[in-house]
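J.: One structure coming up, written as C-alpha coordinates, with questions to follow.
The values are calculated or read from the model by the stated rules, or taken from the named source; none is laboratory data. Bear in mind that the values here come from a model prediction, so they are computed numbers and not experimental data. Neighbour counts run over all protein chains shown; Cβ positions are idealised from the backbone, glycine included. These area figures cover heavy atoms from the full protein model, side chains too; ligands, DNA and RNA do not enter into them. Shrake-Rupley method; radii C 1.70, N 1.55, O 1.52, S 1.80 Å.
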Amino acid sequence: MSTLFGMSHNLTLLVWTFITIVFLIVFIAKLKWNPFVTLLISALMLGLLTGMKPQDVVQSITQGLGGTLGTIAIVIALGTMLGKMMAESGGAEQIAATLIDKFGESRVHWAMLLVGFIVGIPVFFEVGVILLIPIVFTVARKTNKSLLQIGIPILAGLSTVHGLVPPHPAPMIAIDAYQADLGHTILYSLLIGIPTAIIAGPIFGKFIGKRIQVQPPAKLAEQFAQKSDRPLPGFGITLFTILLPVILMLIGSVADIVDPQGVSSLSVFCKFIGHEIIALLIAVVFSFFSLGYTRGFKKEDLSRFTSECLAPTATIILIIGGGGAFKQVLINSGVGSAIAELATQANINVILFAWFVAALIRVATGSATVAMTTAAGIVAPVLAMNPGVHVELVVLATGAGSIVLSHVNDAGFWMVKEFFNMSVPETLKSWTVMETILSVVGLALILLLSTVL
(Lines give C-alpha, C1' and ligand atoms only; values in the text may rest on other atoms or scores of the structure.)
Protein backbone atom coordinates (compact mmCIF):
# COMPACT_ATOMS: atom_id res chain seq x y z
CA MET A 1 0.00 0.00 0.00
CA SER A 2 2.80 2.43 0.92
CA THR A 3 4.52 1.68 -2.40
CA LEU A 4 1.34 2.49 -4.34
CA PHE A 5 0.91 5.69 -2.33
CA GLY A 6 4.52 6.66 -3.06
CA MET A 7 4.06 6.08 -6.80
CA SER A 8 0.83 8.08 -6.78
CA HIS A 9 2.53 10.95 -4.95
CA ASN A 10 5.46 10.95 -7.38
CA LEU A 11 3.13 11.01 -10.38
CA THR A 12 1.20 13.90 -8.82
CA LEU A 13 4.43 15.84 -8.40
CA LEU A 14 5.31 15.24 -12.06
CA VAL A 15 1.85 16.37 -13.22
CA TRP A 16 2.12 19.63 -11.26
CA THR A 17 5.61 20.15 -12.63
CA PHE A 18 4.38 19.66 -16.20
CA ILE A 19 1.52 22.11 -15.68
CA THR A 20 3.86 24.70 -14.18
CA ILE A 21 6.35 24.44 -17.06
CA VAL A 22 3.53 24.83 -19.59
CA PHE A 23 2.37 27.92 -17.67
CA LEU A 24 5.90 29.32 -17.71
CA ILE A 25 6.39 28.81 -21.45
CA VAL A 26 2.96 30.21 -22.40
CA PHE A 27 3.31 33.35 -20.29
CA ILE A 28 6.80 34.14 -21.57
CA ALA A 29 6.50 33.01 -25.20
CA LYS A 30 2.87 33.87 -25.96
CA LEU A 31 1.85 36.56 -23.49
CA LYS A 32 5.30 38.23 -23.47
CA TRP A 33 5.49 38.56 -19.70
CA ASN A 34 8.82 39.53 -18.17
CA PRO A 35 10.82 36.28 -17.80
CA PHE A 36 12.17 37.16 -14.34
CA VAL A 37 8.70 37.88 -12.93
CA THR A 38 7.23 34.80 -14.63
CA LEU A 39 9.97 32.54 -13.26
CA LEU A 40 9.32 33.77 -9.73
CA ILE A 41 5.54 33.25 -10.12
CA SER A 42 6.15 29.77 -11.56
CA ALA A 43 8.44 28.84 -8.68
CA LEU A 44 5.85 30.05 -6.18
CA MET A 45 3.07 28.24 -8.02
CA LEU A 46 4.95 24.92 -8.19
CA GLY A 47 5.92 25.04 -4.52
CA LEU A 48 2.35 25.63 -3.36
CA LEU A 49 0.84 23.07 -5.77
CA THR A 50 3.25 20.36 -4.58
CA GLY A 51 2.32 20.95 -0.94
CA MET A 52 5.24 23.00 0.33
CA LYS A 53 4.59 25.42 3.18
CA PRO A 54 4.39 29.04 1.99
CA GLN A 55 7.40 30.10 4.06
CA ASP A 56 9.40 27.14 2.71
CA VAL A 57 8.55 28.17 -0.85
CA VAL A 58 9.80 31.69 -0.22
CA GLN A 59 12.95 30.36 1.44
CA SER A 60 13.58 28.03 -1.52
CA ILE A 61 13.17 30.90 -3.98
CA THR A 62 15.61 33.14 -2.13
CA GLN A 63 18.00 30.23 -1.58
CA GLY A 64 17.93 29.27 -5.25
CA LEU A 65 18.27 32.82 -6.54
CA GLY A 66 21.06 33.69 -4.13
CA GLY A 67 22.86 30.38 -4.58
CA THR A 68 22.80 30.68 -8.36
CA LEU A 69 23.91 34.29 -8.48
CA GLY A 70 26.48 33.92 -5.70
CA THR A 71 29.05 32.84 -8.28
CA ILE A 72 27.37 33.55 -11.61
CA ALA A 73 26.83 37.27 -10.97
CA ILE A 74 30.53 37.76 -10.21
CA VAL A 75 31.53 35.61 -13.18
CA ILE A 76 29.27 37.57 -15.54
CA ALA A 77 30.53 40.91 -14.23
CA LEU A 78 34.22 40.00 -14.50
CA GLY A 79 33.75 38.16 -17.80
CA THR A 80 31.92 41.12 -19.30
CA MET A 81 34.75 43.44 -18.23
CA LEU A 82 37.26 41.12 -19.91
CA GLY A 83 35.09 41.07 -23.02
CA LYS A 84 34.85 44.83 -22.99
CA MET A 85 38.64 45.17 -22.81
CA MET A 86 38.96 42.78 -25.74
CA ALA A 87 36.48 44.82 -27.74
CA GLU A 88 37.85 48.28 -26.96
CA SER A 89 41.44 47.23 -27.65
CA GLY A 90 40.50 45.39 -30.84
CA GLY A 91 41.50 42.04 -29.34
CA ALA A 92 38.25 40.30 -30.32
CA GLU A 93 38.65 41.73 -33.81
CA GLN A 94 42.20 40.36 -33.99
CA ILE A 95 41.20 36.85 -32.90
CA ALA A 96 38.26 36.84 -35.33
CA ALA A 97 40.44 38.07 -38.23
CA THR A 98 43.13 35.48 -37.49
CA LEU A 99 40.66 32.59 -37.27
CA ILE A 100 38.96 33.65 -40.49
CA ASP A 101 42.34 33.97 -42.20
CA LYS A 102 43.57 30.55 -41.03
CA PHE A 103 40.38 28.55 -41.50
CA GLY A 104 38.63 30.59 -44.19
CA GLU A 105 35.12 32.01 -43.91
CA SER A 106 33.54 28.77 -45.13
CA ARG A 107 35.16 26.72 -42.33
CA VAL A 108 35.27 29.24 -39.50
CA HIS A 109 32.53 27.34 -37.60
CA TRP A 110 35.02 24.46 -37.20
CA ALA A 111 37.42 26.90 -35.57
CA MET A 112 34.62 27.93 -33.19
CA LEU A 113 34.12 24.30 -32.13
CA LEU A 114 37.85 23.96 -31.43
CA VAL A 115 37.90 27.17 -29.39
CA GLY A 116 34.86 26.08 -27.34
CA PHE A 117 36.34 22.63 -26.73
CA ILE A 118 39.70 23.96 -25.54
CA VAL A 119 38.35 26.82 -23.42
CA GLY A 120 35.70 24.56 -21.87
CA ILE A 121 38.13 22.02 -20.38
CA PRO A 122 38.71 23.74 -17.03
CA VAL A 123 35.77 26.17 -16.87
CA PHE A 124 32.08 25.78 -16.19
CA PHE A 125 29.77 26.36 -19.12
CA GLU A 126 28.60 29.80 -18.02
CA VAL A 127 32.17 31.06 -17.65
CA GLY A 128 33.06 29.85 -21.15
CA VAL A 129 30.06 31.63 -22.67
CA ILE A 130 31.01 34.89 -21.00
CA LEU A 131 34.62 34.59 -22.18
CA LEU A 132 33.78 33.74 -25.80
CA ILE A 133 30.62 35.74 -26.58
CA PRO A 134 32.60 38.79 -27.86
CA ILE A 135 34.40 36.53 -30.36
CA VAL A 136 31.07 35.01 -31.48
CA PHE A 137 29.60 38.47 -32.15
CA THR A 138 32.71 39.69 -33.95
CA VAL A 139 33.14 36.62 -36.18
CA ALA A 140 29.45 36.63 -37.11
CA ARG A 141 29.68 40.32 -38.06
CA LYS A 142 32.86 39.94 -40.10
CA THR A 143 31.69 36.82 -41.99
CA ASN A 144 28.04 37.87 -42.38
CA LYS A 145 27.08 34.40 -41.18
CA SER A 146 24.17 33.51 -38.94
CA LEU A 147 24.84 34.14 -35.27
CA LEU A 148 23.70 30.59 -34.51
CA GLN A 149 25.98 29.08 -37.18
CA ILE A 150 28.92 30.68 -35.36
CA GLY A 151 27.60 30.31 -31.81
CA ILE A 152 26.22 26.75 -31.77
CA PRO A 153 29.66 25.14 -32.41
CA ILE A 154 31.17 27.06 -29.48
CA LEU A 155 28.23 26.10 -27.24
CA ALA A 156 28.57 22.47 -28.37
CA GLY A 157 32.28 22.46 -27.53
CA LEU A 158 31.70 23.99 -24.11
CA SER A 159 28.79 21.70 -23.26
CA THR A 160 30.50 18.50 -24.46
CA VAL A 161 33.50 19.17 -22.25
CA HIS A 162 31.22 20.11 -19.35
CA GLY A 163 29.45 16.76 -19.43
CA LEU A 164 32.05 14.31 -20.70
CA VAL A 165 35.69 15.32 -20.56
CA PRO A 166 37.88 15.23 -17.41
CA PRO A 167 39.44 17.09 -15.68
CA HIS A 168 36.28 19.18 -15.85
CA PRO A 169 34.72 19.11 -12.36
CA ALA A 170 31.39 17.55 -13.45
CA PRO A 171 32.74 14.25 -14.86
CA MET A 172 35.28 14.15 -12.02
CA ILE A 173 32.33 13.73 -9.63
CA ALA A 174 31.27 10.50 -11.35
CA ILE A 175 34.86 9.29 -11.70
CA ASP A 176 35.29 9.58 -7.94
CA ALA A 177 31.91 7.98 -7.16
CA TYR A 178 32.44 5.02 -9.50
CA GLN A 179 36.17 4.63 -8.78
CA ALA A 180 36.89 4.87 -12.50
CA ASP A 181 40.34 5.16 -14.06
CA LEU A 182 41.04 8.80 -14.98
CA GLY A 183 43.33 8.05 -17.93
CA HIS A 184 40.92 5.62 -19.57
CA THR A 185 38.01 7.98 -18.98
CA ILE A 186 39.86 10.85 -20.70
CA LEU A 187 40.69 8.60 -23.67
CA TYR A 188 37.13 7.34 -24.06
CA SER A 189 35.70 10.84 -23.52
CA LEU A 190 37.70 12.15 -26.47
CA LEU A 191 36.68 9.19 -28.65
CA ILE A 192 33.04 9.90 -27.79
CA GLY A 193 33.12 13.67 -27.30
CA ILE A 194 34.83 14.83 -30.50
CA PRO A 195 32.43 13.21 -33.03
CA THR A 196 29.47 14.08 -30.81
CA ALA A 197 30.50 17.75 -30.68
CA ILE A 198 31.01 17.79 -34.45
CA ILE A 199 27.47 16.53 -35.11
CA ALA A 200 25.81 18.84 -32.58
CA GLY A 201 28.10 21.81 -33.32
CA PRO A 202 29.17 22.67 -36.88
CA ILE A 203 26.73 20.28 -38.60
CA PHE A 204 23.60 21.12 -36.60
CA GLY A 205 24.71 24.77 -36.30
CA LYS A 206 24.80 25.13 -40.08
CA PHE A 207 21.35 23.50 -40.33
CA ILE A 208 19.63 25.59 -37.64
CA GLY A 209 21.50 28.79 -38.57
CA LYS A 210 19.70 28.83 -41.93
CA ARG A 211 16.31 28.45 -40.27
CA ILE A 212 16.57 30.80 -37.29
CA GLN A 213 17.97 34.23 -38.04
CA VAL A 214 18.78 36.27 -34.93
CA GLN A 215 20.82 39.37 -34.23
CA PRO A 216 22.85 39.92 -31.04
CA PRO A 217 21.30 42.24 -28.42
CA ALA A 218 21.90 45.79 -29.66
CA LYS A 219 23.51 47.10 -26.46
CA LEU A 220 25.84 44.11 -26.07
CA ALA A 221 26.73 44.11 -29.77
CA GLU A 222 27.57 47.80 -29.53
CA GLN A 223 29.78 47.41 -26.47
CA PHE A 224 31.59 44.40 -27.96
CA ALA A 225 32.29 46.23 -31.22
CA GLN A 226 35.66 47.92 -31.67
CA LYS A 227 35.35 51.67 -31.22
CA SER A 228 39.01 52.68 -31.50
CA ASP A 229 41.13 53.54 -34.52
CA ARG A 230 44.22 52.18 -32.76
CA PRO A 231 46.13 49.36 -34.49
CA LEU A 232 44.95 45.91 -33.43
CA PRO A 233 46.89 44.25 -30.58
CA GLY A 234 49.02 41.22 -31.35
CA PHE A 235 47.28 37.87 -31.72
CA GLY A 236 49.60 36.20 -29.20
CA ILE A 237 49.03 38.63 -26.31
CA THR A 238 45.29 38.74 -27.03
CA LEU A 239 45.01 34.96 -27.07
CA PHE A 240 47.06 34.69 -23.87
CA THR A 241 44.80 37.24 -22.16
CA ILE A 242 41.59 35.39 -23.06
CA LEU A 243 43.13 32.01 -22.18
CA LEU A 244 44.71 33.20 -18.90
CA PRO A 245 41.66 32.28 -16.76
CA VAL A 246 41.46 28.95 -18.60
CA ILE A 247 45.13 28.25 -17.86
CA LEU A 248 44.72 29.20 -14.19
CA MET A 249 41.61 27.01 -13.82
CA LEU A 250 43.39 24.12 -15.50
CA ILE A 251 46.26 24.52 -13.01
CA GLY A 252 43.69 24.37 -10.21
CA SER A 253 42.09 21.23 -11.68
CA VAL A 254 45.45 19.47 -11.98
CA ALA A 255 46.32 20.42 -8.38
CA ASP A 256 42.97 19.01 -7.25
CA ILE A 257 43.70 15.71 -9.01
CA VAL A 258 47.28 15.43 -7.77
CA ASP A 259 46.56 16.55 -4.20
CA PRO A 260 42.79 16.31 -3.54
CA GLN A 261 43.23 16.75 0.23
CA GLY A 262 45.20 19.99 -0.20
CA VAL A 263 48.14 18.78 1.89
CA SER A 264 50.85 20.93 0.30
CA SER A 265 50.81 24.72 0.35
CA LEU A 266 51.57 24.76 -3.38
CA SER A 267 48.41 22.82 -4.22
CA VAL A 268 46.35 25.10 -1.94
CA PHE A 269 47.76 28.13 -3.81
CA CYS A 270 47.08 26.51 -7.20
CA LYS A 271 43.49 25.70 -6.23
CA PHE A 272 43.05 29.28 -5.01
CA ILE A 273 44.20 30.92 -8.23
CA GLY A 274 42.33 28.22 -10.16
CA HIS A 275 38.95 29.13 -8.68
CA GLU A 276 36.85 30.65 -11.46
CA ILE A 277 36.31 33.94 -9.65
CA ILE A 278 39.98 34.44 -8.74
CA ALA A 279 41.13 33.31 -12.19
CA LEU A 280 38.80 35.77 -13.91
CA LEU A 281 39.78 38.57 -11.52
CA ILE A 282 43.47 37.99 -12.29
CA ALA A 283 42.70 37.94 -16.03
CA VAL A 284 40.70 41.17 -15.85
CA VAL A 285 43.49 42.98 -13.97
CA PHE A 286 46.03 41.58 -16.45
CA SER A 287 43.89 42.83 -19.35
CA PHE A 288 44.05 46.36 -17.92
CA PHE A 289 47.76 46.25 -18.75
CA SER A 290 47.96 43.92 -21.77
CA LEU A 291 44.97 45.44 -23.59
CA GLY A 292 44.68 48.74 -21.75
CA TYR A 293 47.68 50.78 -20.61
CA THR A 294 50.02 49.26 -23.21
CA ARG A 295 47.48 50.16 -25.90
CA GLY A 296 47.52 53.81 -24.87
CA PHE A 297 44.35 53.91 -22.79
CA LYS A 298 44.28 56.10 -19.70
CA LYS A 299 43.01 55.13 -16.26
CA GLU A 300 39.87 57.19 -16.90
CA ASP A 301 39.19 55.10 -20.00
CA LEU A 302 39.51 51.84 -18.09
CA SER A 303 37.23 53.10 -15.35
CA ARG A 304 34.63 54.07 -17.95
CA PHE A 305 34.90 50.77 -19.81
CA THR A 306 34.45 48.65 -16.68
CA SER A 307 31.49 50.71 -15.47
CA GLU A 308 29.47 51.08 -18.65
CA CYS A 309 29.76 47.41 -19.65
CA LEU A 310 27.76 46.20 -16.63
CA ALA A 311 24.42 47.86 -17.45
CA PRO A 312 23.42 45.49 -20.30
CA THR A 313 24.05 42.44 -18.08
CA ALA A 314 21.54 43.39 -15.35
CA THR A 315 18.55 41.77 -17.08
CA ILE A 316 20.55 38.65 -17.91
CA ILE A 317 21.69 38.26 -14.30
CA LEU A 318 18.14 38.61 -12.95
CA ILE A 319 16.72 36.06 -15.39
CA ILE A 320 19.45 33.56 -14.56
CA GLY A 321 18.68 34.11 -10.87
CA GLY A 322 14.99 33.48 -11.55
CA GLY A 323 15.91 30.21 -13.25
CA GLY A 324 17.93 29.26 -10.17
CA ALA A 325 14.95 29.99 -7.91
CA PHE A 326 12.70 27.78 -10.04
CA LYS A 327 15.30 25.01 -10.01
CA GLN A 328 15.60 25.11 -6.20
CA VAL A 329 11.84 24.79 -5.73
CA LEU A 330 11.91 21.76 -8.03
CA ILE A 331 14.55 20.18 -5.80
CA ASN A 332 13.04 21.15 -2.43
CA SER A 333 9.51 20.15 -3.43
CA GLY A 334 10.67 16.57 -3.95
CA VAL A 335 10.35 16.50 -7.75
CA GLY A 336 14.01 15.54 -8.16
CA SER A 337 13.64 12.68 -5.66
CA ALA A 338 10.44 11.52 -7.37
CA ILE A 339 12.26 11.34 -10.68
CA ALA A 340 15.10 9.37 -9.10
CA GLU A 341 12.74 6.88 -7.44
CA LEU A 342 10.88 6.23 -10.67
CA ALA A 343 14.17 5.76 -12.51
CA THR A 344 15.54 3.22 -10.03
CA GLN A 345 12.54 0.96 -10.67
CA ALA A 346 13.55 0.49 -14.33
CA ASN A 347 15.35 -2.81 -14.93
CA ILE A 348 17.70 -1.89 -17.79
CA ASN A 349 21.32 -2.01 -18.93
CA VAL A 350 23.61 -0.23 -16.41
CA ILE A 351 24.92 2.21 -19.04
CA LEU A 352 21.35 3.03 -20.11
CA PHE A 353 20.32 3.20 -16.45
CA ALA A 354 23.06 5.75 -15.63
CA TRP A 355 22.08 7.88 -18.63
CA PHE A 356 18.38 7.61 -17.83
CA VAL A 357 18.75 8.57 -14.17
CA ALA A 358 20.97 11.55 -14.97
CA ALA A 359 18.64 12.63 -17.79
CA LEU A 360 15.54 12.55 -15.61
CA ILE A 361 17.20 14.51 -12.82
CA ARG A 362 18.57 17.00 -15.37
CA VAL A 363 15.07 17.53 -16.81
CA ALA A 364 13.61 17.90 -13.32
CA THR A 365 16.23 20.20 -11.79
CA GLY A 366 17.82 21.96 -14.77
CA SER A 367 21.34 21.54 -13.44
CA ALA A 368 23.89 19.29 -15.17
CA THR A 369 26.08 19.29 -12.07
CA VAL A 370 23.17 18.37 -9.77
CA ALA A 371 22.16 15.63 -12.22
CA MET A 372 25.71 14.28 -12.32
CA THR A 373 26.11 14.38 -8.53
CA THR A 374 22.71 12.88 -7.71
CA ALA A 375 22.86 10.23 -10.42
CA ALA A 376 26.33 9.16 -9.30
CA GLY A 377 24.96 8.48 -5.82
CA ILE A 378 22.07 6.44 -7.23
CA VAL A 379 24.06 4.50 -9.83
CA ALA A 380 27.14 3.67 -7.72
CA PRO A 381 25.41 0.92 -5.63
CA VAL A 382 23.91 -0.58 -8.81
CA LEU A 383 27.33 -0.49 -10.46
CA ALA A 384 28.87 -2.33 -7.50
CA MET A 385 26.46 -5.22 -8.17
CA ASN A 386 27.54 -5.42 -11.84
CA PRO A 387 31.34 -5.93 -11.78
CA GLY A 388 31.59 -6.77 -15.49
CA VAL A 389 30.57 -3.30 -16.67
CA HIS A 390 33.16 -0.86 -18.03
CA VAL A 391 33.04 1.77 -15.28
CA GLU A 392 34.54 4.51 -17.46
CA LEU A 393 31.69 4.17 -19.95
CA VAL A 394 29.16 4.48 -17.11
CA VAL A 395 30.89 7.75 -16.16
CA LEU A 396 30.42 9.01 -19.71
CA ALA A 397 26.81 7.80 -19.85
CA THR A 398 26.06 9.70 -16.64
CA GLY A 399 27.67 12.80 -18.14
CA ALA A 400 25.74 12.45 -21.39
CA GLY A 401 22.46 12.15 -19.50
CA SER A 402 23.26 15.22 -17.42
CA ILE A 403 23.25 17.56 -20.44
CA VAL A 404 20.04 16.40 -22.14
CA LEU A 405 17.01 18.60 -22.85
CA SER A 406 18.01 21.92 -21.29
CA HIS A 407 14.83 23.93 -20.89
CA VAL A 408 13.21 26.68 -18.82
CA ASN A 409 14.47 25.48 -15.43
CA ASP A 410 18.12 25.69 -16.53
CA ALA A 411 20.06 28.91 -15.91
CA GLY A 412 22.14 28.11 -19.00
CA PHE A 413 18.96 28.14 -21.11
CA TRP A 414 18.24 31.73 -20.13
CA MET A 415 21.85 32.78 -20.56
CA VAL A 416 21.91 31.48 -24.14
CA LYS A 417 18.47 32.96 -24.84
CA GLU A 418 19.48 36.44 -23.70
CA PHE A 419 22.99 36.54 -25.20
CA PHE A 420 21.73 35.29 -28.57
CA ASN A 421 18.61 37.48 -28.42
CA MET A 422 16.21 34.61 -29.09
CA SER A 423 12.61 33.95 -28.10
CA VAL A 424 11.76 30.96 -25.90
CA PRO A 425 10.56 28.85 -28.90
CA GLU A 426 13.73 29.74 -30.84
CA THR A 427 15.90 28.76 -27.88
CA LEU A 428 14.07 25.45 -27.56
CA LYS A 429 14.52 24.74 -31.29
CA SER A 430 18.23 25.59 -31.27
CA TRP A 431 19.91 25.32 -27.86
CA THR A 432 17.63 22.62 -26.40
CA VAL A 433 17.84 20.49 -29.54
CA MET A 434 21.63 20.91 -29.63
CA GLU A 435 21.95 19.72 -26.01
CA THR A 436 19.68 16.76 -26.73
CA ILE A 437 21.71 15.82 -29.82
CA LEU A 438 24.87 15.90 -27.70
CA SER A 439 23.29 13.64 -25.11
CA VAL A 440 21.63 11.11 -27.44
CA VAL A 441 24.50 10.84 -29.93
CA GLY A 442 26.92 10.54 -27.02
CA LEU A 443 24.85 7.70 -25.55
CA ALA A 444 24.69 5.92 -28.91
CA LEU A 445 28.48 6.10 -29.31
CA ILE A 446 29.01 4.93 -25.71
CA LEU A 447 26.80 1.89 -26.33
CA LEU A 448 28.63 1.22 -29.59
CA LEU A 449 32.00 1.44 -27.83
CA SER A 450 30.77 -0.91 -25.10
CA THR A 451 30.24 -3.63 -27.70
CA VAL A 452 33.88 -3.33 -28.80
CA LEU A 453 35.62 -3.19 -25.42
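J.: Rounded if a/c is under 1.5, else prolate if a/b beats b/c, else oblate: with a ≥ b ≥ c from the C-alpha gyration tensor eigenvalues square-rooted, which is segment 201-294? Before the final figure, lay out the partial values.
T.: Details: a/c = 2.92, a/b = 1.50, b/c = 1.95.
Oblate, since a/c reaches 1.5 and b/c is not below a/b.
J.: When Rg is the radius of gyration of the Cα atoms in the chain and Rh is its Kirkwood radius, what does Rg/Rh come to?
T.: 0.97
J.: Mind pulling the per residue volume of the convex hull built on the Cα atoms of segment 32-102? Å³ is fine.
T.: 146
J.: Go ahead and run the numbers for FRET between LYS53 and TRP33, Cβ-Cβ distance against an R0 of 30 Å, rounding to 0.05.
T.: Once rounded, the FRET efficiency stands at 0.70.
J.: Just flag the chymotrypsin sites (Phe, Trp or Tyr not before Pro) in segment 374-453 sitting in loop per DSSP whose Cβ has no more than 10 other Cβ atoms within 10 Å. Before the final figure, lay out the partial values.
T.: On the way: sites: PHE413, TRP414, PHE419, PHE420, TRP431; in loops: PHE420.
For chymotrypsin sites (Phe, Trp or Tyr not before Pro) across segment 374-453 that sit outside H, G, I, E and B with at most 10 neighbouring Cβ atoms in 10 Å, the list is empty.
J.: Skipping prolines and chain starts, which residues have an amide H placed within reach, meaning under 5 Å, of the one on LEU405, given they are 5 or more residues away or on another chain?
T.: THR436
J.: Kindly report the accessible area of the chain per residue (heavy atoms of protein chains, probe 1.4 Å, no ligands, DNA or RNA), in Å².
T.: 40
J.: Can you classify segment 379-436 as rounded, prolate or oblate using the Cα gyration tensor, where a ≥ b ≥ c are the square roots of its eigenvalues, rounded means a/c under 1.5, and otherwise it's prolate if a/b beats b/c and oblate if not?
T.: prolate
J.: Does segment 132-208 come out rounded, prolate or oblate, given a ≥ b ≥ c as the square roots of the eigenvalues of its C-alpha gyration tensor, rounded meaning a/c under 1.5 and, failing that, prolate meaning a/b above b/c? Don't jump to the answer; show the numbers that get you there.
T.: Details: a/c = 3.85, a/b = 2.46, b/c = 1.57.
The shape class here is prolate.
J.: Grab the Cα-Cα distance for VAL382 and LYS219, subtract it from 0.36 nm times how many residues apart they are, and report the gain in nm with one decimal. Walk me through the intermediate numbers first.
T.: On the way: separation 163, 0.36 × 163 = 58.68 nm, distance 5.08 nm.
Fully extending the segment from VAL382 to LYS219 adds 53.6 nm.
J.: Still on this structure, I have one more. At a 1.4 Å probe, what is the % contribution of carbon and sulfur to the accessible area of the chain?
T.: Working: 12150 of 18030 Å².
So the carbon and sulfur contribution to the accessible surface is 67 percent.
J.: Say a site is exposed when it is one of the trypsin sites (Lys or Arg not before Pro), sits in a DSSP loop, and has at most 15 other Cβ atoms within 10 Å; what is then the longest site-free stretch of the chain?
T.: Details: sites that count: LYS32, LYS210, ARG211, LYS227, LYS298.
Longest run free of exposed loop sites: 33-209.
J.: Then there is this: Is it possible to state the helix-based mean residue ellipticity at 222 nm for the chain, with each DSSP H run of 4+ residues giving -39500 (n - 2.57), the sum divided by total residues, to the nearest 500 deg cm²/dmol? What is it? Show your work: numbers first, answer last.
T.: Working: 23 runs with 339 residues, N = 453.
Per the formula, -24500 deg cm²/dmol.
J.: List, in the order given, every pair from LYS32/LYS429; LYS102/LYS271; LYS142/LYS417; LYS145/LYS327; LYS102/LYS145 whose Cα-Cα distance in the structure shown is over 26 Å. List each step's numbers first, then the result.
T.: Numbers: LYS32/LYS429 18 Å; LYS102/LYS271 35 Å; LYS142/LYS417 22 Å; LYS145/LYS327 35 Å; LYS102/LYS145 17 Å.
Over 26 Å apart, Cα to Cα: LYS102/LYS271; LYS145/LYS327.
J.: Which whole-number percent is the relative contact order of segment 73-146 (Cα, under 8 Å, 6+ apart)?
T.: Numbers: 45 pairs, mean separation 34.8, N = 74.
Across segment 73-146, relative contact order equals 47 percent.
J.: Cut-off 18 Å, label point 7 angstrom out along Cα-to-Cβ of HIS184: give me the residues of segment 236-270 whose amide nitrogen falls inside.
T.: The answer is none.
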